[in-house]
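Colleague: I have a structure I would like to understand better, so I am pasting it below and will then ask my questions one at a time.
The values are calculated or read from the model by the stated rules, or taken from the named source; none is laboratory data. All of these numbers come straight from a predicted model, not from anything done at the bench. We place every Cβ from the backbone using ideal geometry, glycine too, and count neighbours over all the protein chains shown.
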Amino acid sequence: MGQTMMFRNLKAVTEATPAPVNEAGAICVRNVLKRYPGKHAVNALEDVSLTIREREFVSILGPSGCGKSTLLRIVAGLVPHNDGEVLVNNKPVKGPSPEIGVVFQTSNMLPWLTVEKNMMLGAQLRKLPAEQTAAKVGELIKMLGLSGFEQNHPHQLSGGMRQRASIGQILALDPGILLMDEPFGALDALTRDLLNVELLRIWQERMQTVMLITHSIQEAVFLSDRVLVMSARPGHIIHDIKIDLPRPRLPENIKGNPRYGQYIAEISKIMGVY
Amino acid sequence: MKRWIEAIVFWGAFALLWEYGVAALGVRRYLLPPLSAVVLAGWDAREMVVSDTWVTLVEVMVGFIAAVCGGVVLGVLIHFSDFTRRTLYPFITALQSMPKIALAPLMIVWFGYGFASKIAATFLFAFFPVVIATLGGLSGIAANLDEHFRALGASRWDTFWRLHVPAALPSFIDGIKISMPLAVIGAIVGEFIGSEEGLGHLITLATANAKTDLMFAAILVITVLATFLYWIVEMMSRLVWWRGKAV
């Protein structure tokens, strides 16, 4: 009985509501359409609207091929959209912005540079002051457990360490907004869990705005303030679920929390995966 | 240490087989002289051999370096400009299919019997592999790295020097490895067709005078020269250690 009540309550907040037009957010996406032209033209995204407030951690879940990566690339200014509006810090997105850092699924380390040089590369390409970058990277190396590997090359590292270094490269940019496209998708489950905990710790320290694309429901619930669920192609946001779990979140006090399980069950049901 | 012994034993056996094999099999000296006769003939003509080797070496180096520079420039142009890709690339592909050796006489007609025609022939032989390898290296760059650089707001200059160049280097070096021996062939072919000096000229001269031993001496020197040049390229290619280390 209590269980059913819980679900009903959850449902009440899961109905997708279009973002109010005036609500200020770090990321505002309004009625975005993305069409892939050609002989068999398809709409990858249709009427996608979402708002991510400053310092909010939002995950986007959806079946594969639903256009969630495309959505991230549109927000990152890497891919143009066909209709609608995309605002980052109230400015329309016209291309890659220095306010945004993007972490991709692949580690993107350059094999000919050491871990340390790789981690500094992003800041160098963005022409950030060298001294500050060196100090920041030194700090990040410690924080990400890469001490002793600074002078190694990426191929000498495990996949998990490479991805940590990739995240470090982006964090060294100190971006206000972090976009992550399945950053742990290529890693094994154990490494993934560990990196999730680390990611949360970093986020709780720095409080950046995060938009995370993932296909792991557990990951989304564990990390996020809100989880947005997308439909199959053409992608469209069908649910907006507020994750009301206490912070700071640690696996030992979240994974045993009954609400954590209920969120997972509810989202699994929405996505038809159980 | 053991490898050295292996090499010495192998080459020693080869030299001995040559030296005594020809006599044992009764091969006539004008067909295949024993190794000692070859070395002796080379030594007797040492002044000519040294000056001819120098001439050929210079031809090879100048032609080869010109081919590498030209090949890289053209490869980069074709890769980054749609216009050259549409126009020059098919043209280059057609030229590449042409037997270069058939063009060597033309080089003599155009550039005369001197240095220039040998450089032209060397260039012709060595040029195409560099273009193809440069293009292959540039187009083989992982799309995710290009996107990553774009997301980081990298300038075109930075993207070229910090991503495209190092990423294309392994393939480029492979092209150089093919190109280096071809440059030697180009110089020799140029000298065969018309010249007054160089190791190719020495071979034709020895042939005309029925001095098979001197001809073999010239061939040996060319082989050593080409092997040495290839070895230098091989050493250089080891600097590009990240070949196949994509992560």
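Colleague: Here is a check on your reading of the model: is residue A:67 modelled with pLDDT under 95, buried (at least 24 other Cβ atoms within 10 Å of the Cβ) and within 21 Å of the chain's Cα centre (by Cα)? Reasoning before the result, please.
Modeller: Numbers: modelled with pLDDT under 95: yes; buried (at least 24 other Cβ atoms within 10 Å of the Cβ): yes; within 21 Å of the chain's Cα centre (by Cα): yes.
Judged against the criteria, residue A:67 is a match.
Colleague: Which of the residues belonging to the range A:73-96 are in contact with a strand residue (DSSP E or B) (Cβ under 7 Å, 6 or more places away or on another chain) and either facing chain B (nearest Cβ under 8 Å) or among the basic types (Lys, Arg) (or both)? Can you show your working first?
Modeller: Filtering the range A:73-96 for residues in contact with a strand residue (DSSP E or B) (Cβ under 7 Å, 6 or more places away or on another chain) gives A:74-76, A:81-88, A:92-93.
The answer is A:76, and nothing else.
Colleague: Can you go through B:210, B:217, B:206 and tell me which one is away from every other protein chain (no Cβ under 14 Å), in a loop (DSSP other than H, G, I, E, B), in contact (Cβ under 8 Å) with a residue 12 or more places away in the chain and over 21 Å from residue B:117 (Cβ atoms)?
Modeller: Numbers: B:217 fails: in a loop (DSSP other than H, G, I, E, B); B:206 fails: in a loop (DSSP other than H, G, I, E, B).
On inspection, the qualifying residue turns out to be B:210.
Colleague: Now for a separate question. Which of the following residues is under 30 Å from residue B:102 (Cβ atoms), buried (at least 16 other Cβ atoms within 10 Å of the Cβ) and touching a Ser or Thr at 6+ places or on another chain (Cβ under 6 Å): B:186, B:200, B:175?
Modeller: Working: B:200 fails: touching a Ser or Thr at 6+ places or on another chain (Cβ under 6 Å); B:175 fails: touching a Ser or Thr at 6+ places or on another chain (Cβ under 6 Å).
Step by step, each of B:186, B:200, B:175 is checked, and only B:186 is under 30 Å from residue B:102 (Cβ atoms), buried (at least 16 other Cβ atoms within 10 Å of the Cβ) and touching a Ser or Thr at 6+ places or on another chain (Cβ under 6 Å).
Colleague: Residue under question is residue B:94, and the condition is that it be among the aliphatic types (A, V, I, L, M) and either surrounded by 20 or more Cβ atoms within 10 Å (Cβ to Cβ) or touching a strand residue (DSSP E or B) at 6+ places or on another chain (Cβ under 6 Å) (or both); does it hold?
Modeller: no
Colleague: Of all residues in the range A:54-72, how many are within 14 Å of chain B (Cβ to nearest Cβ) and under 23 Å from residue A:203 (Cβ atoms)? Before the answer, list the steps.
Modeller: Applying the first criterion (within 14 Å of chain B (Cβ to nearest Cβ)) to the range A:54-72 yields A:69-70, A:72.
In the following step, the residues that additionally are under 23 Å from residue A:203 (Cβ atoms) were identified as A:69, A:72.
Residues meeting the conditions: 2.
Colleague: Can residue A:250 be described as aliphatic (A, V, I, L, M), under 30 Å from residue A:136 (Cα atoms) and more than 15 Å from the chain's Cα centre (by Cα)? Steps first, please.
Modeller: Numbers: aliphatic (A, V, I, L, M): yes; under 30 Å from residue A:136 (Cα atoms): yes; more than 15 Å from the chain's Cα centre (by Cα): yes.
For residue A:250, the condition - aliphatic (A, V, I, L, M), under 30 Å from residue A:136 (Cα atoms) and more than 15 Å from the chain's Cα centre (by Cα) - is met.
Colleague: Filter the range A:124-157 down to residues that are closer than 24 Å to residue B:157 by Cβ, more than 9 Å from chain B (Cβ to nearest Cβ) and crowded, with 19+ Cβ neighbours inside 10 Å, then give me how many there are.
Modeller: Within the range A:124-157, residues that are closer than 24 Å to residue B:157 by Cβ, more than 9 Å from chain B (Cβ to nearest Cβ) and crowded, with 19+ Cβ neighbours inside 10 Å number 2.
Colleague: In the range A:193-203, is there at least one residue being in a loop (DSSP other than H, G, I, E, B) and not aromatic (Phe, Trp, Tyr)? I'd like the intermediate steps shown before the answer.
Modeller: As a first pass, look at the range A:193-203 and keep what is in a loop (DSSP other than H, G, I, E, B): none.
Looking through the range A:193-203, none of the residues is in a loop (DSSP other than H, G, I, E, B) and not aromatic (Phe, Trp, Tyr).
Colleague: Which count do you get for residues in the range B:62-79 that are surrounded by fewer than 19 Cβ atoms within 10 Å (Cβ to Cβ) and in contact with a Leu (Cβ under 8 Å, 6 or more places away or on another chain)?
Modeller: Looking only at that region, the number is 1.
Colleague: Could you tell me which residue of the range A:158-174 is surrounded by the most Cβ atoms within 10 Å (Cβ to Cβ), considering only residues that are outside any helix (DSSP H, G or I) and at pLDDT below 90?
Modeller: So in the range A:158-174, the residues outside any helix (DSSP H, G or I) come out as A:158, A:172-174.
Narrowing the set further to residues that are at pLDDT below 90 leaves A:158, A:174.
Working: A:158: 11, A:174: 15.
My answer is A:174.
Colleague: Any idea which of (1) under 29 Å from residue A:93 (Cβ atoms); (2) in contact (Cβ under 8 Å) with a residue 60 or more places away in the chain; (3) among the aliphatic types (A, V, I, L, M) is the one residue B:141 doesn't satisfy?
Modeller: Checking residue B:141 against (1) under 29 Å from residue A:93 (Cβ atoms); (2) in contact (Cβ under 8 Å) with a residue 60 or more places away in the chain; (3) among the aliphatic types (A, V, I, L, M), the one that fails is (2).
Colleague: Next question, about the same structure. Does the range A:136-155 hold any residues that are assigned to a helix (DSSP H, G or I) and either under 21 Å from residue A:203 (Cβ atoms) or among the β-branched types (Val, Ile, Thr) (or both), and which are they? Working first, answer last.
Modeller: Just the residues of the range A:136-155 that are assigned to a helix (DSSP H, G or I), to begin with: A:136-143, A:154-155.
Answer for the range A:136-155, where residues must be assigned to a helix (DSSP H, G or I) and either under 21 Å from residue A:203 (Cβ atoms) or among the β-branched types (Val, Ile, Thr) (or both): A:136, A:137, A:138, A:139, A:140, A:141, A:142, A:143.
Colleague: Let me ask something else. Here are some residues: B:121, B:133, B:151, B:126. Which one is buried (at least 23 other Cβ atoms within 10 Å of the Cβ), in contact with a Pro (Cβ under 7 Å, 6 or more places away or on another chain) and on the phi < 0 side of the Ramachandran plot? So that I can check it myself, show each step before the final result.
Modeller: Details: B:121 fails: in contact with a Pro (Cβ under 7 Å, 6 or more places away or on another chain); B:133 fails: in contact with a Pro (Cβ under 7 Å, 6 or more places away or on another chain); B:126 fails: in contact with a Pro (Cβ under 7 Å, 6 or more places away or on another chain).
One residue alone meets the criteria, B:151.
Colleague: Still on this structure, please answer the following. Would you check which residues across the range A:84-123 are part of a strand (DSSP E or B), in contact (Cβ under 8 Å) with a residue 60 or more places away in the chain and either surrounded by fewer than 18 Cβ atoms within 10 Å (Cβ to Cβ) or charged (D, E, K, R) (or both) and list them?
Modeller: Step one: list which residues in the range A:84-123 are part of a strand (DSSP E or B), which gives A:84-88, A:91-92, A:100-103.
In the following step, the residues that additionally are in contact (Cβ under 8 Å) with a residue 60 or more places away in the chain were identified as A:87-88, A:100-103.
Hit for the range A:84-123 is A:87, nothing else.
Colleague: Tell me, yes or no, whether the range B:49-68 has at least one residue that is in a helix (DSSP H, G or I) and over 30 Å from residue B:205 (Cα atoms).
Modeller: As a first pass, look at the range B:49-68 and keep what is in a helix (DSSP H, G or I): B:49-68.
Now restrict to residues that are over 30 Å from residue B:205 (Cα atoms): B:68.
Within the range B:49-68, one or more residues are in a helix (DSSP H, G or I) and over 30 Å from residue B:205 (Cα atoms).
Colleague: Please return the ranges of helices (runs of 4 or more DSSP H) entirely within the range B:98-194 where 2 or more residues are away from every other protein chain (no Cβ under 14 Å).
Modeller: Numbers: elements: B:100-111, B:115-139, B:143-151, B:156-159, B:165-193.
So the answer is B:100-111, B:115-139, B:165-193.
Colleague: So if I check each of A:240, A:181, which one is touching a Ser or Thr at 6+ places or on another chain (Cβ under 6 Å) and either at pLDDT below 85 or under 29 Å from residue A:44 (Cβ atoms) (or both)?
Modeller: A:181
Colleague: Across the range A:235-257, which residue is surrounded by the fewest Cβ atoms within 10 Å (Cβ to Cβ) among those that are touching a helix residue (DSSP H, G or I) at 6+ places or on another chain (Cβ under 8 Å) and assigned to a helix (DSSP H, G or I)?
Modeller: Step by step, filter the range A:235-257, then rank; the result is A:251.
Colleague: Residue by residue through the range A:66-87, note down the ones that are out of contact with any Cys (no Cβ under 8 Å at 6 or more places or on another chain) and aliphatic (A, V, I, L, M). Give the steps one after another, and end with the answer.
Modeller: Quick first cut of the range A:66-87, residues out of contact with any Cys (no Cβ under 8 Å at 6 or more places or on another chain) only: A:66-84.
A:71, A:72, A:74, A:75, A:76, A:78, A:79 - these are the residues of the range A:66-87 that are out of contact with any Cys (no Cβ under 8 Å at 6 or more places or on another chain) and aliphatic (A, V, I, L, M).
Colleague: If I filter the range A:107-115 for residues that are in contact with a strand residue (DSSP E or B) (Cβ under 9 Å, 6 or more places away or on another chain), under 25 Å from residue B:145 (Cα atoms) and either charged (D, E, K, R) or within 9 Å of chain B (Cβ to nearest Cβ) (or both), do I get at least one hit? Working first, answer last.
Modeller: Filtering the range A:107-115 down to residues in contact with a strand residue (DSSP E or B) (Cβ under 9 Å, 6 or more places away or on another chain) leaves none.
Scanning the range A:107-115 turns up no residue that is in contact with a strand residue (DSSP E or B) (Cβ under 9 Å, 6 or more places away or on another chain), under 25 Å from residue B:145 (Cα atoms) and either charged (D, E, K, R) or within 9 Å of chain B (Cβ to nearest Cβ) (or both).
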